[in-house]
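Notes to accompany the following structure.
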Amino acid sequence: MALHIVGIGLVPQDITVRGIETAKACTRVFLDGYTSVQVEDGLVSLLKEDIETLDRDTIESDQLIEMARDEEVCLLVPGDGMTATTHLTLVMDCEEKGVDVDVVPGISIATVVPGMLGLQWYKFGRSTTVPFPQEGYAPDSPYQAIRSNLETGLHTLVLLDIRPDGLMTASEGLQQLLDMAAKAGGTFGPGTIVAAVSRAGALDQIAVAGSLENVIAAELGDPPHTVVIPGDLHFMEEDALKRFWID
């Protein structure tokens, strides 16, 4: 008996053969509905299995671990199963409690977006997430991470917040960063070069690059969206970004 954490990639069709075989061999199959968008319908159609979506509290409790003592349990995770600390904690808790755990890797936004834009993945610094604004909660840590990366010439992968009633768009995220920069100071502004990708990995994915003000105004369609703030660009990276340039 074991807990199997299966990365399903960015769209349901990304799941690997090993991932499909693992899920089909389990008696209980769950989907992580906390760390990314829900893709339950596509997975049910693909796997022909009943799938229950779990919230953060359930995933971070001992429920899955205790269940895996007596059953083969599968947790499907959008992207790669080990890019969030939530799942690392789950793996470590399994090991501590003597429950077998198996991880099946998946395609990650952390490599797909840089590759799509033609940016060298080893030139990325710390990634960050822009949260939805809340009353009394206005952190500038996303902007500080970007500023720190830019000071050392590194690119920044910027993830955008998720909540039950919707996903943050690139325009919303970039406007948030502008507001943070205005309060904190610095050179980040409307003329800063940025890139944005919508629905990465899907057949209708869109990528744009250009000044921040132009990317904010770009029509990217439905989320999920992802933003990249380039640092120092190699000439090949410059040429690659020109493919998506908007004025």
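Annotations for the structure displayed:
Results for (1) closer than 17 Å to Asp140 by Cα; (2) charged (D, E, K, R), shown as yes or no for each residue.
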position: Glu172; (1), (2): yes, yes
position: Asp179; (1), (2): yes, yes
position: Gly186; (1), (2): yes, no
position: Thr192; (1), (2): no, no
position: Ala200; (1), (2): no, no
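- Remark: Val130 falls outside the filter, which requires a residue to be touching a Ser or Thr at 6+ places or on another chain (Cβ under 6 Å) and not assigned by TED's automatic domain parsing to the domain that holds Val11.
- Within the stretch 238-247, the set of residues being over 23 Å from the mean Cα position of the chain (by Cα) and either touching a residue at least 60 places away in the same chain (Cβ under 8 Å) or part of a loop (DSSP other than H, G, I, E, B) (or both) comprises Asp239, Arg243, Ile246, Asp247.
- From Pro230, Pro139, Pro223, residue being farther than 24 Å from Met116 by Cβ, outside the structural domain of Ile15 (by TED's automatic domain parsing) and either surrounded by fewer than 17 Cβ atoms within 10 Å (Cβ to Cβ) or in contact (Cβ under 8 Å) with a residue 12 or more places away in the chain (or both): Pro139
- Apart from one condition, Asp80 fits all of (1) of a type outside the set (Gly, Ala, Ser); (2) closer than 17 Å to Pro224 by Cβ; (3) within 15 Å of the chain's Cα centre (by Cα); (4) not assigned by TED's automatic domain parsing to the domain that holds Pro12; the exception is (4).
- Residue list for the stretch 169-188, filter: buried (at least 22 other Cβ atoms within 10 Å of the Cβ) and among the hydrophobic types (A, V, I, L, M, F, W, C): Ala170, Leu174, Leu177
- Qualifying positions in the stretch 187-217 - free of Cβ contacts under 8 Å to residues at least 40 places away in the same chain, of a type outside the set (Val, Ile, Thr) and either more than 13 Å from Leu160 (Cα to Cα) or in the same structural domain as Gly79 (by TED's automatic domain parsing) (or both): Gly189, Pro190, Gly191, Leu203, Asp204, Gly210, Ser211, Leu212, Glu213, Asn214
- Within the stretch 114-121, the presence of at least one residue that is in contact with a Lys or Arg (Cβ under 8 Å, 6 or more places away or on another chain) and either surrounded by fewer than 19 Cβ atoms within 10 Å (Cβ to Cβ) or not aliphatic (A, V, I, L, M) (or both) is confirmed.
- Members of the stretch 85-127 that are of a type outside the set (Gly, Ala, Ser), farther than 13 Å from Ala68 by Cβ and free of Cβ contacts under 8 Å to residues at least 12 places away in the same chain: Thr85, Leu88, Met92, Glu96, Thr111, Trp121, Tyr122
- All conditions but one from (1) farther than 21 Å from Thr53 by Cα; (2) surrounded by 19 or more Cβ atoms within 10 Å (Cβ to Cβ) apply to Gln144; the one that does not is (2).
- Hey, Asp165 touching a strand residue (DSSP E or B) at 6+ places or on another chain (Cβ under 8 Å), exposed (fewer than 14 other Cβ atoms within 10 Å of the Cβ) and either within 30 Å of Gly19 (Cα to Cα) or at pLDDT below 95 (or both) or not: no
- Hey, Asp32 in contact with a His (Cβ under 9 Å, 6 or more places away or on another chain), in contact (Cβ under 8 Å) with a residue 12 or more places away in the chain, charged (D, E, K, R) and more than 26 Å from Leu154 (Cβ to Cβ) or not: yes
- Of the helices (runs of 4 or more DSSP H) lying entirely inside the stretch 46-105, those containing at least 3 residues that are surrounded by 13 or more Cβ atoms within 10 Å (Cβ to Cβ) are 63-67, 85-96.
The values are calculated or read from the model by the stated rules, or taken from the named source; none is laboratory data. None of these values were measured; they are calculated from a predicted model. Cβ coordinates were reconstructed from backbone atoms using ideal geometry, including for glycine residues, and neighbour counts include every protein chain displayed.
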